[in-house]
Amino acid sequence: MSTIAAIATPNAAGGIGIVRLSGEDAVEIAAKCFYPFSGRDVGAMKGYTAAYGAVRDGETELDDGVLLVYLAPRSYTGENVAEICCHGGLYVLQQTLRLVLKLGAVPAGPGEFTQRAFLNGKMDLSQAEGVMNVISAQGDSALRAARSALRGDVSKKVEAIASTLVAAAAALAAWTDYPDDDVPAVENAALGDAIKGAADRLRGLIRDYDNGKAVTRGVKTAICGKPNVGKSTLMNLLSGCKRSIVTPISGTTRDVVEETVRLGDLTLRLMDTAGIRDTDDPVERLGVALAREKLEEAELVLCVFDGSCPFDEADEAMLEAVKGRRCLAVVNKADLPLVFDLEKIRAAVPDAVVLSANDPDALAVLQAAAEKLLGVGGLDFNQELLATERQRACCETALEALEDALSALDTGLTVDAVSVDIDCAVDALLTLTGKKASDEIVSEVFRSFCVGK
Ligand SMILES: Nc1nc2c(ncn2[C@@H]2O[C@H](COP(=O)(O)OP(=O)(O)O)[C@@H](O)[C@H]2O)c(=O)[nH]1
Ligand SMILES: [Mg+2]
């Protein structure tokens, strides 16, 4: 396999920058451009050792720095690895990279170092995805969840589920293949229990992922409501700045104003939208259409009502629009006398808070309500949490196959049908960990990585 090279540090100036090499010739190539001041031979360096010296292109000295050497298989990638740590200037790093490429290395693709680690059995696919999540983590819970994935907690749990299924499938196969031998008959009830148990654990993983997403990746949150109820004021309260224009004039907000905010440990990707109403103004009408669109795609809706005005038809229409959505009703303007019929709201949207978007104390109220609604309160981020949508989709596929298996059992279909479904579930789980992932899936996973990781 070729020796790859990339700048492993960000594409910006910094104190230190690293050019990383991995592959059979990594150390050899480093020896041709890095000259330790002590005069020692780079080619003879042991794994886990460092040397201080100069980076030289022939007679031209580019920089001085430290060379780190790791020898296969005891390295991140499982191959020989050399890391040239020099000053973190973009030009210096580019010249150093150009130099190692001239000496025989090839440019690494996105995530290729980690891909090689995966191919060399250093980590499985879900751990590799954990690596990316550690890099992109924006808060404590997200980091803890990513670290747990990186440790392999997700893989262990998924493999445990897969092995109970493999055992069930094996018993089933033995029984159908040798019906006349002394193989104990597979009891439908016991088999059903095994499948149900596995399905429940998968449901738990999917549910925790969906809930945990509010913390690890952020929730797409639409602020909706009729005009003038205080949507933009709420947006500004949550963003901590005057992000949206607020006026007493209906129809002020027309474009969608977006901002990512933190609410306690939650990350909300907020969209403040135009007030929903029928209007003759062509620009506002576009805004209203956009608001409806955002309402559709939101994972969480903050539906704002004006508590100082009586409940009316437009409010009724808003309740209709958010039906079946994960929605928090925000009854605003609590500093004014409340004339609003709260019961009407509570009957349609169980989660409702009464507050004033002008009052900073309302943030705590919103946080508590949102945490409850998103189900993150009781989540343990140190535990196995699926790391990516891909992993979630694998669990979903496995779960569907198990549901098929259960209904095949119920309707008394042949054991073959049940076996096929169980195999299909196991395949999906092994695709998750990468044990049985196709080359395309593996490339797809690493395509989203950064170059140099
Ligand atoms: N008294 C009071 N007025 C508010 C409150 N929130 C918003 N407003 C006022 O209501 C009007 C409309 O607010 P805005 O945020 O632009 O509403 P939007 O059209 O829903 O975006 C403005 O005059 C705000 O100052 C509140 O909690 N109490
Ligand atoms: Mg507005």
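The values are calculated or read from the model by the stated rules, or taken from the named source; none is laboratory data. The shown structure was predicted, so the numbers you read here are calculated from the model rather than taken from an experiment. All Cβ positions, glycine included, derive from the backbone under ideal geometry; neighbour counts span all protein chains shown.
Considering only segment 309-340, how many residues are surrounded by fewer than 16 Cβ atoms within 10 Å (Cβ to Cβ), more than 32 Å from the chain's Cα centre (by Cα) and farther than 11 Å from Lys226 by Cβ?
Looking only at that region, the number is 6.
Here is a yes/no grid of residues against (1) within 16 Å of ligand 1 (Cβ to nearest atom); (2) of a type outside the set (S, T, N, Q); (3) modelled with pLDDT of 95 or more; (4) assigned by TED's automatic domain parsing to the domain that holds Ala146:
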residue: Leu300; (1), (2), (3), (4): no, yes, no, no
residue: Asp312; (1), (2), (3), (4): yes, yes, no, no
residue: Val331; (1), (2), (3), (4): yes, yes, yes, no
residue: Phe340; (1), (2), (3), (4): yes, yes, no, no
residue: Lys344; (1), (2), (3), (4): no, yes, no, no
residue: Leu373; (1), (2), (3), (4): no, yes, no, no
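Tell me, please, whether a residue that is modelled with pLDDT of 90 or more, surrounded by 16 or more Cβ atoms within 10 Å (Cβ to Cβ) and within 30 Å of Ala128 (Cα to Cα) can be found in segment 377-386.
Looking for residues that are modelled with pLDDT of 90 or more, surrounded by 16 or more Cβ atoms within 10 Å (Cβ to Cβ) and within 30 Å of Ala128 (Cα to Cα), one finds at least one in segment 377-386, hence yes.
Looking at segment 230-241, I want the residues that are over 9 Å from Asp272 (Cα atoms) and have a partner that is more than 7 Å from ligand 1 (Cβ to nearest atom) and not hydrophobic (A, V, I, L, M, F, W, C) with Cβ atoms under 6 Å, at least 6 apart or on another chain. Which pairs are those?
Qualifying pairs under 6 Å: Asn236/Lys242; Asn236/Arg243; Ser239/Glu259.
For a quick check of your reading: which helices (runs of 4 or more DSSP H) sit entirely within segment 86-193 and have at least 3 residues that are in contact with a strand residue (DSSP E or B) (Cβ under 7 Å, 6 or more places away or on another chain)? Full working, then the answer.
Working: elements: 90-102, 112-119, 125-136, 140-151, 153-177.
In segment 86-193, the matching helices (runs of 4 or more DSSP H) lie at 90-102, 112-119.
Does Glu371 satisfy the condition of being closer than 30 Å to Ala334 by Cα and either aromatic (Phe, Trp, Tyr) or in a helix (DSSP H, G or I) (or both)? Break it down stepwise before answering.
On the way: closer than 30 Å to Ala334 by Cα: yes; either aromatic (Phe, Trp, Tyr) or in a helix (DSSP H, G or I) (or both): yes.
Judged against the criteria, Glu371 is a match.
Filter segment 273-297 down to the residues that are away from ligand 2 (no atom under 16 Å from the Cβ) and closer than 24 Å to Gly212 by Cβ, then identify the one that is surrounded by the fewest Cβ atoms within 10 Å (Cβ to Cβ).
So, considering only residues that are away from ligand 2 (no atom under 16 Å from the Cβ) and closer than 24 Å to Gly212 by Cβ, the one surrounded by the fewest Cβ atoms within 10 Å (Cβ to Cβ) is Glu297.
Rundown of residues vs (1) assigned to a loop (DSSP other than H, G, I, E, B); (2) crowded, with 22+ Cβ neighbours inside 10 Å; (3) at pLDDT 95 or above, yes/no style:
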residue: Ala13; (1), (2), (3): yes, no, no
residue: Gly17; (1), (2), (3): no, yes, yes
residue: Tyr35; (1), (2), (3): no, no, yes
residue: Gly39; (1), (2), (3): yes, no, yes
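Assess whether Val261 counts as being surrounded by 18 or more Cβ atoms within 10 Å (Cβ to Cβ) and more than 14 Å from ligand 2 (Cβ to nearest atom).
Against the criterion (surrounded by 18 or more Cβ atoms within 10 Å (Cβ to Cβ) and more than 14 Å from ligand 2 (Cβ to nearest atom)), Val261 qualifies.
Kindly indicate whether Leu270 is surrounded by fewer than 16 Cβ atoms within 10 Å (Cβ to Cβ), of a type outside the set (Gly, Ala, Ser), closer than 22 Å to Ala321 by Cα and modelled with pLDDT of 90 or more.
no
Only one of Thr233, Thr267 is assigned by TED's automatic domain parsing to the domain that holds Glu313, within 22 Å of Ala137 (Cα to Cα) and either within 27 Å of the chain's Cα centre (by Cα) or near ligand 1 (Cβ under 9 Å from one of its atoms) (or both); which?
When all the criteria are applied, what remains is Thr267.
If the Cβ limit is 8 Å and pairs must be 6+ apart or interchain, which residue in segment 371-383 that is without any contact (Cβ under 8 Å) to a residue 60 or more places away in the chain pairs with which residue that is outside any loop (DSSP other than H, G, I, E, B) and among the acidic types (Asp, Glu)?
Listed by first residue and then by second, the contacts come to Gly377/Glu371.
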